Amino acid sequence: QKEVEQNSGPLSVPEGAIASLNCTYSDRVSQSFFWYRQYSGKSPELIMSIYSNGDKEDGRFTAQLNKASQYVSLLIRDSQPSDSATYLCAVKVGPSGSARQLTFGSGTQLTVLP
Amino acid sequence: DAGVTQSPTHLIKTRGQQVTLRCSPKSGHDTVSWYQQALGQGPQFIFQYYEEEERQRGNFPDRFSGHQFPNYSSELNVNALLLGDSALYLCASSSLGAGETQYFGPGTRLLVL
């Protein structure tokens, strides 16, 4: 079983719709969770970080974390064509403040159709 | 405020050669992590440097080595290049004292022929 799993997609949604991206992880002691966006040919760009169970909202983005189910998701409201990219879920094992490695999923490719 | 910088942006090498990639962290950051990203895959952790020491290492052979300088910049060296080393090499910087958020540089795309 992979440590971090994502649906590879591609996921297509119409402009203005809600895009839902999902990620599961295997290590129960995982502490920190991140969503990165990666445009084709570019490097990953941090969108959201979440550390506690529940929802965290930032503009059109909402991250949801459920540690009991080992599940983290990203919702993108009012999706725009500029949101078309690969979304990477990353998990860090270790206590807050420790500079440990990130383990990434393979990414979900999102296409927002005009 | 300068972000993470990497050089060169692109590199073409042949099998058996050696390559050195460079990274300067974001201002105020003291930790540098290196990742390899093959096409269609997520980044894979190579190693991390803090206080000029390798603190953590992923599942990569000894052909991959690194260094961190007193100004926190870092180098990644790969010896005896294989075709399978062709990938995007990413440097991420973070600050040990300010949590674990890692910010990525633009990457170096290496092609081994």
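The values are calculated or read from the model by the stated rules, or taken from the named source; none is laboratory data. Here the structure is a predicted model, which means the values were calculated and not measured. We place every Cβ from the backbone using ideal geometry, glycine too, and count neighbours over all the protein chains shown. What goes into the accessible areas is simple: the full protein's heavy atoms, side chains included, and nothing from ligands, DNA or RNA. Shrake-Rupley method; radii C 1.70, N 1.55, O 1.52, S 1.80 Å.
Quick notes on this one:
- For the set A:67/B:26; A:42/A:67; A:92/B:26, the pairs lying more than 25 angstrom apart at their alpha carbons are A:67/B:26; A:42/A:67.
- Based on Cα contacts under 8 Å between residues 6+ apart, chain B shows a relative contact order of 36 percent.
- With all protein chains kept in place, the per residue accessible area of chain B amounts to 47 square angstrom at a probe of 1.4 angstrom.
- Here residue A:28 and residue A:82 are evaluated by their C-beta separation; at R0 = 35 Å the FRET efficiency comes out at 0.45.
- Using a Förster distance of 25 Å, the FRET efficiency for residue B:111-residue B:60 (Cβ separation, nearest 0.05): 0.85
- Accessible carbon and sulfur surface of the protein assembly as shown relative to its total accessible area, %, 1.4 Å: 48 percent
- Accessible area of chain A divided out per residue, in Å², using a probe of 1.4 angstrom: 47 Å²
- Total accessible area lost when B and A pair, probe 1.4 Å, Å² to nearest 100: 1700 Å²
- Heavy-atom accessible area, 1.4 Å probe, ligands and nucleic acids excluded: residues of the stretch B:75-106 down by at least 40 Å² from chain alone: B:96, B:100, B:101, B:102, B:104
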